[in-house]
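Student: Mind having a look at this structure? Questions to follow.
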Amino acid sequence: MIDLPITADHIRTTLTAYLDQHPEEKTGLVPVLDLLDTGADLTTRKEFRGHATAGAILTGPDGRILHIHHLATGKWLLPGGHLESSDSTLLEAALRELAEETGIPIDAVTPMSNKPIHIDVHPIDANDAKGEPGHQHFAFRFLFRTTAEVGQLQTEEVIDAAWRDADTISDDTLRHHIAQAIR
């Protein structure tokens, strides 16, 4: 199988499918649509107006959500990260990031849908050490289920992992989408 990188068409198709289910969120996603319309390459982290990332919302058998303690930010976050040239879909990128950061094998995880459960636009602070100005991340988040336990953490980025109740997620929209999906 030949790996093909994620395309602008794939990002637009994924975004459109999400907005078909959640048209009330279009206003918040205008920055993504505008950059796609200008031909920006949202797959590269060198696009500092904003670029796509992929994230995983992983539910265990008891409905709790896996969080990771991110080393660079010092915060508890959901698994996810930047796209890589070997990723052929946003869903595949989310799975790869989940497996890399948590040590949970991809074959122990079941996607709940091929559409994202949430797309979030959020600011990222400048990082002088990496020569990166402040920019935006367009996080395409997918919902997965597993019965597996956390494996070997990616210690370069992750210092801990914990299963938490879904009501601890601070983003109201994401929390609502998860509650609807895991009923």
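The values are calculated or read from the model by the stated rules, or taken from the named source; none is laboratory data. Since this is a predicted model, take the numbers as computed values, not measurements. Cβ sites come from the backbone with ideal geometry, for glycine too, and all protein chains shown count toward neighbours. These area figures cover heavy atoms from the full protein model, side chains too; ligands, DNA and RNA do not enter into them. Shrake-Rupley method; radii C 1.70, N 1.55, O 1.52, S 1.80 Å.
Student: Looking only at segment 1-17, filter to residues that are hydrophobic (A, V, I, L, M, F, W, C) and under 18 Å from Ser86 (Cβ atoms); which one of those is modelled with the lowest pLDDT?
Tutor: The residue in question is Met1.
Student: Conditions first: (1) polar (S, T, N, Q); (2) buried (at least 19 other Cβ atoms within 10 Å of the Cβ); (3) at pLDDT below 95. Ser86 passes all but one, so which condition is the exception?
Tutor: Status for Ser86: all satisfied but (2).
Student: Picking from Gly80, Gly103, Gly63, Gly131, which residue would you name as being at positive phi and in contact with a helix residue (DSSP H, G or I) (Cβ under 6 Å, 6 or more places away or on another chain)?
Tutor: On inspection, the qualifying residue turns out to be Gly80.
Student: Only one of (1) among the charged types (D, E, K, R); (2) free of Cβ contacts under 8 Å to residues at least 60 places away in the same chain; (3) in contact with an Asp or Glu (Cβ under 9 Å, 6 or more places away or on another chain) fails for Arg64. Which number is that?
Tutor: (2)
Student: Same structure, new question: Take the residues in segment 31-69 that are modelled with pLDDT of 95 or more and among the small types (Gly, Ala, Ser); name whichever of them is surrounded by the fewest Cβ atoms within 10 Å (Cβ to Cβ).
Tutor: The selected residue is Gly39.
Student: Quick one: in segment 148-183, of everything that is among the hydroxyl-bearing types (Ser, Thr, Tyr) and assigned to a helix (DSSP H, G or I), which residue is farthest from His22 (Cα to Cα)?
Tutor: Per the stated criteria, the residue is Thr168.
Student: While we're looking at this one, here's another question. Kindly provide the set of residues from segment 93-136 that are among the charged types (D, E, K, R), under 25 Å from Ala181 (Cα atoms) and open to solvent by less than 60 Å² (accessible area, probe 1.4 Å), ordered by number.
Tutor: If the condition is that a residue be among the charged types (D, E, K, R), under 25 Å from Ala181 (Cα atoms) and open to solvent by less than 60 Å² (accessible area, probe 1.4 Å), then Arg96, Glu97, Glu101, Asp120 are the ones that fit.
Student: Could you check segment 18-30 and list, in sequence order, the residues that are surrounded by 14 or more Cβ atoms within 10 Å (Cβ to Cβ) and either free of Cβ contacts under 8 Å to residues at least 12 places away in the same chain or more than 16 Å from the chain's Cα centre (by Cα) (or both)?
Tutor: Leu19, His22, Glu25
Student: Can you name the residue in segment 126-149 that is hydrophobic (A, V, I, L, M, F, W, C) and under 23 Å from Asn114 (Cα atoms) and is also modelled with the lowest pLDDT among such residues? Before you say what the answer is, go through the steps one by one.
Tutor: Restricting attention to segment 126-149, the residues satisfying the condition of being hydrophobic (A, V, I, L, M, F, W, C) are 126, 129, 138-140, 142-144, 148.
Applying the additional criterion that residues be under 23 Å from Asn114 (Cα atoms) yields 138-140, 142-144, 148.
Numbers: Phe138: 98, Ala139: 97, Phe140: 98, Phe142: 98, Leu143: 97, Phe144: 97, Ala148: 89.
Selected residue: Ala148.
Student: Oh, and also: Scan segment 100-111 for residues that are at pLDDT 95 or above and within 14 Å of the chain's Cα centre (by Cα) and jot them down.
Tutor: Pro111
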